[in-house]
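Step one of this worksheet: look at the structure below.
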Amino acid sequence: MDVAVTLPVHHSFVYAVPEYLFDTCMPGMRVLVPFGRRRITGYILGGRKDSGNYTAKKILDVLDDHPLFPENEIPFFRWVANYYIHPLGETIKAALPAGLDRRDVAQVFITDTGRTALENPALSPLETRILTLAAGRQGISRKQLFNTVDCPTLRSLLKKMQDTGWVSVESVLKKEAASARLEKFISPGNKQPDSDRNLSLKRQQILAIVARKKEISLTALRGEVPTAPRLVKLMEKDGLITITRRRVCRDPFGDPVEPDTPPELTSEQADAVNTVREHLDQGFVPYLLSGVTGSGKTEVYLRLVADAVERGQSAIVLVPEIALISQTERRFRARFGEQIAVIHSMLSQGERLDQWHHIATGKVSIAIGARSAIFAPFDNIGIIIVDEEHDGSYKQESGLRYNARDLAVVRARMCACPVVLGSATPSLQTSHNVRIQRFHQLDLHHRVNDRPLPQITLVDLKKYKEARPMDRIITPELARAIRACLEAGNQALIFLNRRGFASFPACSACNQPLQCRHCDVTMTLHLSAHRYKCHLCGFCLPESTACPACGKKAVKNFGFGTEKIESMLKTMFPDARLARMDQDSTARKGSALTLLKSIRNRTVDLIVGTQMLAKGHDFPAITLVGIICADLSMNLPDFRAGERTFQLLAQVAGRAGRGDTPGTVIMQTYNPDHFTIESARRQDGTAFFNREIPFRKALKYPPFTRIILVKLSGPKKEKVEQAALDAAGILTQVKDAAPETAHTIDILGPIEAPIPRISSRFRWQLLIKSPSFQQIRSLVQTLLDHPDFKRSRAISLGIDVDPYSLM
């Protein structure tokens, strides 16, 4: 069998199948295989006639009773691994639900000799600590020990303690963190009681319930008879009942949804749906559904998915934000009922596994989810939808750094089906693909029921430089608009894409900012938690902390975030019901859905939110959107900063006026004349495209070139810098060795990353650009294989193909 293993190797391996496993091995299944002196998880890719010139090791065990992914998805996995220069086994592991990996781990256990030695007062503190950690019932993993004990000589000390016989290091097979849930079901037995008088009242009650229900789960039975778990075991021994164990699904859905009736399509919606239908015989056709906010793109998705389901095919619907999945899932459940599965990271590992199992076994035909849903194991896909295709959330920023929007196009091509990318603010890349006729454009120029787009007013913040502090943040124009909105009985959304209370704490004695101990960024005050927090690594300091530079308790809090805006609005509008939606207020599972429900049910009047509320949400009662500062992201050192700013502003403005009452937007800015701000005010994506695209072309940035970002990081600044210089030297040498293509490739750097240190790791990077992707991919692959490119194990290397952010 051809098997991909979960290790950083870029090719697969051949394993022999024992006779007793021959009938159970199928492509798409996990297997336990030997690799060197350990056991690891592998994925069966297909059969092989022979193993070549060597004797293949045997598969140890099959870990699944059915394939986790269809055989026709394997070429897709191979393409992804090759394109993103990522190991094949780890690519498949990243695509599957988390917690399915089995492998041997080195576990450190204390021995009897070590327990005796632990009582010796002459032991060093470090030896005592190691023996104490290893004395637990399950010992401690070698990796966890090295993460817990900070000592440069730990490796040699552990070897010495092992030689002395105080500890043993053994390989232990780590089980999956995610597994199927098995439930006990109770049904009538094959014997009848001799007489009810011989049974207790509780047992009689259990028999009556089982006889009436024919079959009932133990969980449900316990709800009626609390002592049932203990009694049913005894009753089974007497033959009065039968107990069977079956797999059950953990339900990730919220409240029940009433079925809906499809509305009549507008003429523009009907044209879009009919265009896709008319080209179905062409197989793969990529579409951009460009529609203003509130134009009914979701209804177009629903009709196209319904067509695919009627043809007996499946559909994948990608949504960028987890908070937005709830709204989309409710719309689809109202139309399709139980045919829906959801996949996103807020589900527990068990819930994700159950949803994946439903898809893989053909129990559902529609998968809705965030970026990872692009790997849903359907084997007959009829359409793929990508809502808000411009959104950066589709890009995975660690591990397998894939872009789900791009993979949607690739998978649709492999499945010979249409793909629809929808957005009110399409990315420049997608708009360019329309211009050069790679994609077909479908337009929705008008809102449903001909509702007008919101009226957007710019407020120049420079006018309020000398005003009182509150007016500099919430200007009189915005305050008046909020009061008028509340008096009319409507809802207002106040947008600021920065969480926390104060974003720039600094010492008034020595003028030094309060920086994170592990990152090169200032910390943010979170007043509700009474602590300063780093938004990159999570490091915290108490609110009463002294200045680390001078030791004085003179830290003053400057800047603002959503917490401060919430506090100011409570002061200004004490009678308004107020809610805040950001990463902090929605950290607990289910809290985001509770907040969204309260907005939908109009139990709040004022909502302060970050970009979590900026896209896709449909709240008809929101008639005012106030944008506190439109310029926050515009000056970041990234070529996409202007594009992201335009998209964010246009999207959040589109939350206003989606009901019967026209909407208003107050956009506060320091740059009212900038074309990005002006294009957002006019909701004119074409104007922004025409102004931005010449800069991209002149500077050789996408969509006119392809780029790969090479990232290096490590704990020692000098070593990371040297590794970056070595990488740049090899890349330049290889590039210059092919003079016929050298002039088409640009290597920028190496240079420190815009944030030089995160989580105590120093960061350097190189940017490689060329119109030809194959040239730069080949160049990077040569670097990885080059014998002169040596770096210590402490330095990590990341390859980011088509990076979304250069930060």
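The values are calculated or read from the model by the stated rules, or taken from the named source; none is laboratory data. These figures come from a predicted structure and were not determined experimentally. So basically every Cβ, Gly included, is an ideal-geometry build from the backbone, and we count neighbours across all protein chains shown. Only protein heavy atoms, including side chains, enter the accessible area calculation; ligands, DNA and RNA are left aside. Shrake-Rupley method; radii C 1.70, N 1.55, O 1.52, S 1.80 Å.
Given a Förster radius of 45 Å and the C-beta distance between residue 697 and residue 517 as r, what FRET efficiency does 1/(1 + (r/R0)^6) yield to the nearest 0.05?
On the way: r = 43 Å, r/R0 = 0.96.
Efficiency, from the Cβ-Cβ distance: 0.55.
Taking 16 Å as the straight-line reach from the Cα of residue 297, the lysines in range (excluding those fewer than 8 positions away in the same chain) are 615.
Accessible area of residue 701 (1.4 Å probe, protein heavy atoms only, ligands and nucleic acids ignored): about 40 Å². Placing dummy labels 7 Å off each Cα toward the beta-carbon, the span from residue 129 to residue 71 is 5.5 nm.
May I ask you to give the solvent-accessible area per residue for the stretch 238-395, in square angstrom, as obtained with a 1.4 angstrom probe?
On the way: 5740 Å² over 158 residues.
Ligands and nucleic acids excluded, the figure is 36 Å² per residue.
In this structure residue 552 has an accessible area near 120 Å², from a 1.4 Å probe over the protein heavy atoms. Summarising the amide proton neighbourhood of residue 762: residues at separation of 5 or more, or on other chains, whose placed amide H is nearer than 5 Å comprise 714, 716. Helices in the chain, meaning DSSP H runs of at least 4 residues, each add -39500 (n - 2.57). Divided by all residues, the mean residue ellipticity at 222 nm is -10000 deg cm²/dmol. Report residue 146's accessible area, 1.4 Å probe, all protein chains in place, as a number in Å² to the nearest 10. Roll a 1.4 Å probe over it and residue 146 shows about 60 Å².
Tell me the Kirkwood hydrodynamic radius of the stretch 417-495 in angstroms, computed as one over the mean inverse distance between distinct C-alpha pairs.
Values: mean 1/r = 0.0590 Å⁻¹.
Radius from the Kirkwood sum: 16.9 Å.
Projection of the Cα convex hull of the stretch 242-343, averaged over all directions and equal to a quarter of that hull's surface, yields 9.5 nm². For residue 556, a cut-off of 14 angstrom between C-alpha atoms picks up these aspartates and glutamates, skipping any fewer than 8 places away in its own chain: 543.
Carbon and sulfur together cover what percent of the accessible area of the chain at a 1.4 Å probe radius?
Numbers: 18510 of 37540 Å².
The computed percentage sits at 49.
Think of the chain as having a plus end and a minus end, set by charges on the Cβ of Lys, Arg, Asp and Glu; of 232, 216, 120, 120 sits farthest toward the positive end of this dipole.
Could you sort 49, 175 by accessible area so the largest value comes first, with the probe set to 1.4 Å? Mind showing how you got there, number by number?
Working: 49 205, 175 155 Å².
Order by accessible area, largest first: 49, 175.
Here, the stretch 119-170 has an Rg and a Dmax of 10.4, 27 Å when only alpha carbons are counted. Structural descriptor for the chain: relative contact order 9 percent, calculated from alpha carbon pairs under 8 angstrom and at least 6 residues apart.
A DSSP coil position with no more than 16 other Cβ atoms inside 10 Å describes the following GluC sites (Glu not before Pro) in the stretch 454-517: 466.
Can you pull the Rg over Rh of the stretch 495-575, Cα-only, Kirkwood?
Details: Rg = 13.1 Å, Rh = 13.0 Å.
Radius of gyration relative to Kirkwood radius: 1.01.
Which order do you get for 116, 661, 91 if you rank them by accessible area with a 1.4 Å probe, largest at the top?
Details: 116 95, 661 65, 91 0 Å².
Highest to lowest solvent-accessible surface, that is 116, 661, 91.
The residues of the stretch 409-496 expose on average 49 square angstrom of accessible surface per residue, using a 1.4 Å probe on protein heavy atoms. Of the peptides 413-426, 451-464, the ranking by mean beta-carbon count within 10 Å, highest at the top, reads 413-426, 451-464. Using the Karplus relation 6.51 cos²θ - 1.76 cosθ + 1.60 with θ = phi - 60°, the per-residue 3J(HN,Hα) values for the stretch 574-582 come to x, 8, 7, 7, 10, 9, 10, 10, 8 Hz, with x marking Gly and Pro. Each of residue 211 and residue 509 was given a label point 7 Å from its Cα along the Cα-to-Cβ line. The distance between the two points is 8.3 nm.
Here is the P(r) of the stretch 588-736: all C-alpha pair distances, binned every 10 Å from 0, give 9, 27, 24, 20, 14, 5, 1 in whole percents.
Please compute one quarter of the surface area of the Cα convex hull for the stretch 538-596 and express it in square nanometres.
Numbers: hull surface 24.0 nm².
Average of the hull's projected areas for the stretch 538-596 equals 6.0 nm².
Here the stretch 492-567 is treated with +1 on each Lys and Arg Cβ and -1 on each Asp and Glu Cβ, and its dipole about the Cα centre works out to around 140 debye.
What are the semi-axes of the equivalent ellipsoid of the stretch 95-224, taken as the square roots of 5 times the eigenvalues of the Cα gyration tensor, listed largest first and rounded to whole Å?
Working: eigenvalues 580, 82, 27 Å².
With the √(5λ) rule applied to the stretch 95-224, the semi-axes are 54, 20, 12 Å.
Per residue, the stretch 1-100 exposes 47 Å² of solvent-accessible protein surface, assessed with a 1.4 angstrom probe and all protein chains in place. Computed from the Kirkwood radius of its Cα pairs, the Stokes-Einstein diffusion coefficient for the stretch 72-153 at 25 °C and 0.890 mPa s stands at 152 µm²/s. Think of each Lys and Arg Cβ as +1 and each Asp and Glu Cβ as -1; about the Cα centre, that makes the dipole of the chain roughly 2280 debye.
Taking the Cα centre of the stretch 10-156 as origin and charging only Cβ (+1 Lys, Arg; -1 Asp, Glu), how large is the dipole, in debye to the nearest 20? Mind dumping the intermediate values first?
Values: 18 positive and 15 negative charges, 80 e Å.
Roughly 380 debye, rounded to the nearest 20.
Across the options 28, 109, 534, the greatest Cα extent toward the positive end of the charge dipole of the chain (unit charges at beta carbon of Lys, Arg, Asp, Glu) belongs to 109. Relative to the globular-protein estimate of 2.2 N^0.38 Å, the Cα radius of gyration of the stretch 287-347 stands at 1.16.
The listed residues 298, 153 rank as 153, 298 when sorted by accessible area, largest first, using a 1.4 Å probe.
Given a Förster distance of 25 angstrom, what is the FRET efficiency for residue 462 paired with residue 682, based on the Cβ-Cβ distance and rounded to 0.05? All intermediate terms of the calculation are to be shown ahead of the outcome.
Working: r = 21 Å, r/R0 = 0.85.
Efficiency at R0 = 25 Å is approximately 0.75.
Normalised radius of gyration (Cα atoms, divided by 2.2 N^0.38 Å) for the stretch 666-782: 1.39. Panel values: the stretch 503-633, Kirkwood radius from alpha carbon pairs, Stokes-Einstein at 37 °C and 0.692 mPa s, translational diffusion coefficient 198 µm²/s. Percent of Cα pairs in the stretch 480-520 per distance bin of 5 Å, from zero to the largest separation: 5, 15, 14, 13, 12, 9, 7, 10, 10, 3.
Take 436-448, 363-375 and order them by the average number of nearby Cβ atoms within 10 Å per residue, most first; the result is 363-375, 436-448.
Two decimals, Cα atoms only, Kirkwood Rh: what is Rg/Rh over the chain? Mind dumping the intermediate values first?
On the way: Rg = 30.1 Å, Rh = 30.4 Å.
Expressed as Rg/Rh, it is 0.99.
From the P(r) of the stretch 1-130, could you give the percentage of C-alpha pairs in the tail past 18 Å? Provide the component values of the computation, followed by the final result.
Details: 4984 of 8385 pairs.
Across the stretch 1-130, Cα pairs with separations above 18 Å total 59 percent.
With respect to the cross-link table entries 160/790; 395/697; 202/233, which display a Cα-Cα separation exceeding 21 Å? From the list (160/790; 395/697; 202/233), the Cα-Cα distance tops 21 Å for 160/790; 395/697.
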